[in-house]
Amino acid sequence: MRLLESGEMYLETILVLSKKTNTVRSIDIAEYMGFSKPAVSRAMAKLRADKYIIMDKDGFIALTGSGREIAEKIYERHTVLTKLLISIGVDEETAAADACKIEHDISDKTFEAMKKHSLN
């Protein structure tokens, strides 16, 4: 089952927030992404049902192994693509926004080639 782009974005956000602080709650995700609390709550319920996240009794969210794997993949794509776009002259804000669009649709094969090229 392929996770939708929105699900990938939520997982990436949980990863980013967890790097900044040890605790991540739905309200933190809503504030970071600029989404409503009910929208985030619905998404968290779906991610929990699909076993990408776990939520404790206090509402703290953590990635499962499969959730972390997806989040790390998307985060790596985002950072590599952003750096690559900046290196060819795109301003940082545009590069980050465009990387966010590309990261979900690019094939593994193309991404690996771009990553390899950007490291040279």
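Placing +1 on the Cβ of every Lys and Arg and -1 on the Cβ of every Asp and Glu, with nothing else charged, gives segment 61-120 a dipole about its Cα centre of roughly 220 debye.
With +1 on each Lys and Arg Cβ and -1 on each Asp and Glu Cβ, and nothing else charged, work out how big the dipole of the chain is about its Cα centre, in Debye to the nearest 20.
It works out to roughly 400 debye.
Computed over the chain, the alpha-carbon pair-distance distribution with 5 angstrom bins reads 2, 11, 21, 22, 18, 12, 9, 4, 1, 0, each value a whole percent. Rounded to the nearest 500, the 222 nm mean residue ellipticity of the chain from helices alone is -22000 deg cm²/dmol, with -39,500 (n - 2.57) taken per DSSP H run of at least 4 residues. Projecting the Cα atoms of Thr21, Ser6, Ala45 onto the dipole axis of segment 1-46, where Lys and Arg carry +1 and Asp and Glu carry -1 at the beta carbon, places Ala45 farthest toward the positive end. Taken over the C-alpha atoms, segment 39-93 has Rg and Dmax values of 15.4, 47 angstrom. Extension gain for Ala45 to Glu76 (0.36 nm times residue separation, less C-alpha to C-alpha distance): 8.6 nm. Computed with a 1.4 Å probe over protein heavy atoms only, the accessible surface of the chain comes to 62 Å² per residue.
Karplus-based coupling profile of segment 99-115, in residue order and whole Hz: 4, 4, 6, 6, 4, 8, 10, 5, 6, 4, 4, 5, 4, 4, 5, 5, 5, with θ = phi - 60° in 6.51 cos²θ - 1.76 cosθ + 1.60 and x standing for Gly or Pro. Peptide packing for 7-17, 70-80, 91-101 was compared via the average number of neighbouring C-beta atoms within 10 Å per residue; ordered from the highest value, the list is 7-17, 70-80, 91-101. The phi torsions of segment 54-62, fed into the Karplus equation with coefficients 6.51, -1.76 and 1.60 and a -60° offset, translate into couplings of 10, 10, 7, 5, 8, x, 7, 10, 9 Hz, rounded to whole numbers, with Gly and Pro shown as x.
The residues neighbouring Asp105, those whose beta-carbon lies less than 11 Å from its own, together hold a net charge of -1 under the Lys/Arg +1, Asp/Glu -1 convention.
Remark: segment 82-94, residue by residue, has Karplus-estimated 3J(HN,Hα) of 4, 4, 4, 5, 5, 5, 9, x, 7, 5, 4, 5, 5 Hz, where x stands for each Gly or Pro and the curve is 6.51 cos²θ - 1.76 cosθ + 1.60 at θ = phi - 60°. Which entries in the list Lys57/Lys83; Lys51/Lys109; Lys19/Lys51; Lys57/Lys115; Lys46/Lys116 go over 31 Å, if you measure between the two C-alpha atoms of each? Correct reply: Lys57/Lys83; Lys57/Lys115; Lys46/Lys116. Taking a sphere under 14 Å around the Cβ of Thr21 and counting the other residues whose Cβ falls inside, with K and R at +1 and D and E at -1, yields a net charge of +1. Annotation for Glu69 and Thr23: the two label points, set 7 Å from Cα along the Cα-Cβ direction, are 3.1 nm apart.
Element breakdown for the chain at a 1.4 angstrom probe: carbon and sulfur atoms account for 56% of the accessible area. Let's test the formula: R0 of 41 Å, r as the Cβ-Cβ distance of Ser36 and Ala96. What FRET efficiency results, to the nearest 0.05? Taking R0 as 41 Å, the efficiency between Ser36 and Ala96 is 0.95.
The values are calculated or read from the model by the stated rules, or taken from the named source; none is laboratory data. Fair warning: this is a prediction, and the values are worked out from it, not measured in the lab. Methodologically, a virtual Cβ is constructed for each residue, glycine included, from the backbone with ideal geometry; neighbour enumeration extends over all protein chains shown. Calculation scope for accessible area: heavy atoms of the full protein, side chains included, ligands and nucleic acids excluded. Shrake-Rupley method; radii C 1.70, N 1.55, O 1.52, S 1.80 Å.
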